[in-house]
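First the structure, in the form of structure tokens, and then the observations on it.
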Amino acid sequence: ATGAERGALRPVPQQPRPIPARHTTLDGRPRRSPGLSHVSNLRMPSVIDHVSLAVNDPTTSRAFYEQALEPLGYTVLMAFEGMYGIGAAGPQGGPGLWLVPGQNPTAVHLALSADSTEQVDAFYEAALAAGGTDNGAPGERPHYHPGYYGAFVLDPDGHNIEAVCHQGPVGQAPA
């Protein structure tokens, strides 16, 4: 075949394709992920639909994230082939965070939105109880902006996981 024939456009099927099992939630519904845009206090539309976080042991990380992110309203929504999709439950929810196997993953900073300072505090306590390491107690970070209230915890792989509320009280530095 000539180069023109190999690169020829093919017609798009007119009938919708069935949704593969890997694109459905645990209860069989089609996966719909609004990315991070479902968070009420996010100030701009999100361009990110989901993020994959490499972890040494997905089962250990699943246990950590299930407990640590529960106060933020996140849960494991999908699981297949040793990977876990975590997100907000509900009709607009979807797995925005994927735990995927990776050897010696490079540590990243992942900041998750919280609706209140109480949620930030609860995340911090839950993450420590799940085996995380303190990397910054809950409190305002005025060097970011007034009212930036966050807490930081290292997960089992050393990823710096943060919960942040942008409407925190002004003048409450971390303890």
Test result for Thr106, touching a residue at least 12 places away in the same chain (Cβ under 8 Å), β-branched (Val, Ile, Thr), farther than 22 Å from Val76 by Cβ and surrounded by fewer than 15 Cβ atoms within 10 Å (Cβ to Cβ)
yes
If Gly136 satisfies every condition in (1) of a type outside the set (A, V, I, L, M); (2) closer than 16 Å to Leu69 by Cβ; (3) not in a loop (DSSP other than H, G, I, E, B) but one, which is the exception?
(2)
Residues that are in a strand (DSSP E or B) and over 29 Å from Thr60 (Cα atoms), drawn from the range 139-175
Glu140
State all residues of the range 158-175 that are open to solvent by 30 Å² or more (accessible area, probe 1.4 Å) and either in contact (Cβ under 8 Å) with a residue 60 or more places away in the chain or touching a Lys or Arg at 6+ places or on another chain (Cβ under 7 Å) (or both); if no residue qualifies, say none.
His166, Gln167
Candidate set: the range 59-117, residues that are part of a helix (DSSP H, G or I) and farther than 20 Å from Asp157 by Cα; chosen: the one nearest to the chain's Cα centre (by Cα):
Leu72
Residue check for Gly96: in contact with a strand residue (DSSP E or B) (Cβ under 8 Å, 6 or more places away or on another chain) and of a type in the set (Gly, Ala, Ser):
yes
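The values are calculated or read from the model by the stated rules, or taken from the named source; none is laboratory data. Remember, predicted model here, so these are calculated numbers, not experimental data. Note that we place each Cβ from the backbone using ideal geometry, even for glycine, and neighbour counts take in every protein chain shown. All accessible areas refer to the heavy atoms of the entire protein, side chains included, with ligands and DNA or RNA removed. Shrake-Rupley method; radii C 1.70, N 1.55, O 1.52, S 1.80 Å.
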